[in-house]
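Quick notes on the structure that follows.
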Amino acid sequence: MVEAIVESPDAEDGIIWFNSGKVGNTYSTNYWLTNPSLPSPSSGTLPGMTVSSAFCEGIAYAVVEDQSQLSWDGPLTNWLYRVDPKGGAEIIGEWKFPASKRPVSRRAVCSDDGLSMAALYTDREGSGNPDMSPLLKIEINISDASLTEYELLGPGEGWRVPTKAVGALNGRMYWANTAGQIYSTAIQGSDPAHLEYEIRTDSLHDKILISGKNVYLLVHSSESKLVTYDLASGKKRKL
């Protein structure tokens, strides 16, 4: 099963993460990496399950969660991997998160200086209702896997994010929720979530995704159509 598809900002590189299922007593994840400098895609297998991935300076990074000791309340080990374009992967570092702290999207974004990546998480500890959990930004230093955590939205503020509705532009992380609200925050450092604009959508049927400098809305009605918006301004683009 495909866990994530992530492309570099220039769309020249891409990586696909596959959940390989349980083999023996643990899960593993396969990847397929494309790079224009290589004659063919490279591939590999890592133990665990990929929960977040991004390209920084043309290099793919991934947060992989240990699935061998699953529990409802115990901490789970996370590893930060650097994937070599020519094959192979190395562990940069590791940390433990409680099982209640989960990624909102498999897509992470990289800072403009290429020193850190940021991912959206939520922590459901103490709340049986996901909508009553806060939205968090986890900033990861890609040189040593050190973490900094920031709260972006409080409980009940509507964090539900479609899996492909996360992107980056001019040093900011953008994301959409299922209600069609587009938020942003600085990729690095402390910065509250800013509601940039809203797109009218039927959250039950329409699909939102962010790619490059655009927001795409696939409208499902009597006749399906694709509407494109400028990511920074929210202005509808003419076809």
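Every number in this text was worked out from the coordinates using simple rules, so none of it is lab data. None of the values given here were measured: they were computed from a predicted structure.
Annotations
- Cα shape, the stretch 1-122, gyration tensor, a/c 1.5 rule: oblate
- Residue with peak Gaussian network fluctuation, the chain [Cα springs, cutoff 10 Å], from W159, W95, W79: W95
- Relative contact order (percent, whole number), the chain, Cα cutoff 8 Å, 6+ residue spacing: 10
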